[in-house]
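First the structure, in the form of structure tokens, and then the observations on it.
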């Protein structure tokens, strides 16, 4: 069975290390904040200028001056700091954020990512995604393995305009966990009940499969 | 003699000198920390042909979205413009030009502009459409592109509290692009929630020193929320 959005988010959260500063993109990456293990401490960075993002507010806590990068109302966690946009991207671009998790339209086996622009459709902008992929030490992409027509999103070469080059280390999809290295996708884990054959058939780029590919553990 | 008293008592006085075809840098992220009254004043003046530099362009009927109604904006320099149907329509009609700029590059362009640095190298955008036509250079084996800084004829800034010198502080994430915008305007106008007595703000808590500020006006803010999400919603 392919994973639900929540299950992908749960698997993403397993990548969080104790003491990590993490930037989570809009969508599935943000959901991962709900599944941080009890025995670790992480700080979430929101690129509009908040390090130490807390939960959504209660009605009483709502404050128009307190939002996240998705423009949602938010709270500050204990130990948070707030700063301006240049400072925020100094920490991103300067490589101080340990982990970035973001969505994508396509990733290729050279670690290139396309996530912001589909020619012929309306272009809304890249927001902070280009800065994030250029700056983070470790970047994970979450997306469905194939689009709704069954076309692979893991390609030999991205076809859409790029967000960044040679920057993606790991991909967590509804079917698998893959690492990107040496010009290939390396299958690390498969979703429970999903066969290597299915993953292979939905991976257009070069896929390296070792003898035993374990199932994800939740 | 006004000395260091930069407080003006009308929006007309706050924005006097704004003319057609000028560049206006605006603070704010989405609808958070935007100079609502100064934007409304630009709408009232009906200044045309503006280049507006701001992370976003408001929403339909609020914030910078107001300036689209009479087609006052010629060009928008932003990182994300997806919240606005009128924007989309004018863009598709060719009535509006947009220069999409990565968010961190945009912040740094303003910061550098205000700091007298004409351009800087960044890895952001290398190998993407953003890097096309720009000088590329390798440092320590990594590829960078040259990005030019931005200054404006006007900067419109929203702060929380200021004294009459223009020393000011921002509140929570309403800070965002405002401090950079404040440094990058030939004329920087601050719209604040409250004017305090000089000395009331501790010198070490000032976010933007008054040297960057030319005019200050006390505004009334609606502070519209774009996406109100409550903790009870996220537990579903």
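Modelled spin-label separation between residue B:119 and residue B:92, with each label point placed 7 Å from Cα along the Cα-to-Cβ direction: 3.6 nm. Annotation: peptides A:127-135, B:51-59, A:207-215, ranked by per-residue average of other Cβ atoms within 10 Å with the highest first, follow the order A:127-135, B:51-59, A:207-215. Per residue of the protein assembly as shown, the DSSP helices (runs of n ≥ 4 H) give a summed -39500 (n - 2.57) that works out to -4500 deg cm²/dmol at 222 nm. Annotation: peptides A:192-202, A:8-18, ranked by per-residue average of other Cβ atoms within 10 Å with the highest first, follow the order A:8-18, A:192-202.
Per residue of peptide B:219-229, the mean number of Cβ atoms on other chains within 10 Å of the residue Cβ is 4. Projecting label points 7 angstrom from Cα along Cα→Cβ for residue B:134 and residue A:26 puts them 2.2 nm apart.
Over region A:10-81, what is the relative contact order in whole percent, taking alpha-carbon pairs under 8 Å and six or more residues apart?
So the answer I get is 27 percent.
Which FRET efficiency, nearest 0.05, do residue A:121 and residue A:152 yield, Cβ-Cβ r, R0 25 Å?
Numbers: r = 20 Å, r/R0 = 0.79.
Step by step, r from the Cβ atoms, then E = 0.80.
Averaged over residues, the count of other Cβ atoms within 10 Å places the peptides A:146-152, A:78-84 in the sequence A:78-84, A:146-152, highest first. Here the protein assembly as shown carries DSSP beta bridges of which approximately 40% are antiparallel, counting only pairs with both residues inside. Looking at region B:63-161 alone, DSSP beta bridges between its own residues are antiparallel in about 65 percent of cases.
Which whole-number percent of Cα pairs in region B:45-158 have a distance greater than 25 Å?
More than 25 Å apart: 29 percent of the Cα pairs in region B:45-158.
Identify the residues of region B:201-229 with backbone N under 11 Å of a label point that sits 7 angstrom from the Cα of residue B:194 along the Cα-to-Cβ direction, or state none. What the label zone holds, given the 11 Å backbone N cut-off, is B:201. Among the residues of A:162-169, the average count of other protein chain beta-carbon atoms within 10 Å of the residue beta-carbon is 4. In region B:1-141, Cα pairs under 8 Å separated by at least six residues give a relative contact order of 16 percent. Take each residue of peptide B:180-193, count the partner chain Cβ atoms within 10 Å of its Cβ, and average: the result is 1. Could you list the residues of region A:74-111 with an amide nitrogen less than 15 Å from a label point located 7 Å from the Cα of residue A:58 in the Cα-to-C-beta direction? It comes to A:75-76, nothing else. The distance from the alpha carbon centre of region A:10-53 to that of region B:17-73 is 35 Å, rounded to a whole number. Put the Cα centre of region B:107-122 next to the Cα centre of region A:128-190 and the gap is 31 Å.
Principal axis analysis of the Cα atoms in the protein assembly as shown yields extents of 83, 46, 42 Å, listed in decreasing size.
Bear in mind that the values in this text are calculations on the coordinates, not laboratory data. Quick caveat: nothing in here was measured; it's all calculated off a predicted structure. Quick reminder, even Gly has a Cβ in these numbers, built from the backbone with ideal geometry, and neighbours come from all protein chains shown.
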